[in-house]
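Read-outs: derived from the displayed coordinates by stated rules, not from any lab. Bear in mind the structure is a predicted one, so any value in this text is a computation, not a measurement. As a convention, Cβ positions derive from the backbone with ideal geometry for all residues, glycine included, and neighbour counts pool all protein chains shown.
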């Protein structure tokens with residue numbers, strides 16, 4: 001039975017690596033997959049899922065207005081798709097999460113999504129909100145804060161190492177701009193010995 005999965009974590013926990021490994025497992029068994037990533041994240045040129053450990057794979061880039069159900073049906077006319085994998089799932093819209101649910105419930109295709117729950121202010125992203133509400137299975141991918149506790153928060157950090165608390169919700173960046181913190185360090189604004197990479 002197909003299910004909608006949401007794999008979530010703070011930044012730098014290995015979500016993209018886990019997605020690429022899951023994709024590899026399907027392909028190794030001769031199965032057909034389809035990969036999506038947010039068009040917003042064009043650090044690798046767009047349409048690429050890239051892990052910080054150096055592996056990557058081409059993917060379909062989705063924008064907020066795209067209909068994922070239709071995109072899958074157009075690209076998979078022979079209906080032999082075994083799994084859909086979505087990176088940067090926090091950038092999905094509410095309607096796109098509904099479209100993924102249709103792919104699971106009506107087409108019988110498992111959908112594995114990977115993303116962060118909250119932004120640098122500790123507020124939930126739209127895609128994450130509805131994945132948390134509607135997914136069949138939720139799995140946390142863990143990483144640690146500089147203090148050694150489990151990191152659950154994402155802090156946007158200035159070049160001076162100070163935590164930022166204002167600005168647009170979405171600003172694409174990596175280790176040079178964001179750090180994962182436990183809730184306690186996040187609430188105190190403690191970024192440890194952060195220095196941009």
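Looking only at the range 1-21, which residues have a backbone nitrogen under 15 Å from a spot 7 Å from the Cα of residue 142 in the C-beta direction? Only 8-10, 13-14 pass the distance filter. Taking Cα atoms only, the orientation of helix 15-28 departs from the longest principal axis of the chain by about 30 degrees.
The tail of the calculated P(r) for the chain, taken as Cα-Cα distances beyond 22 Å, holds 46 percent of the pairs. Rounded to whole Å, the principal axis extents of the Cα atoms in the range 1-117 read 34, 33, 24, largest first. Per-residue ellipticity at 222 nm from helix content only, as computed over the chain with -39500 (n - 2.57) for each DSSP H run of at least four residues, stands at -7000 deg cm²/dmol.
For the chain, the relative contact order is 26 percent, taking Cα pairs closer than 8 Å that sit 6 or more residues apart in sequence and dividing their mean separation by the residue count.
For the range 52-91, the pair-distance distribution built from all alpha carbon pairs, in bins 10 Å wide starting at 0, is 21, 52, 23, 3 percent.
Note on the range 4-140: antiparallel DSSP beta bridges, both residues inside, total approximately 15 percent of the bridges counted. Ranked by the mean number of other Cβ atoms within 10 Å per residue, highest first, peptides 21-29, 86-94 order as 86-94, 21-29.
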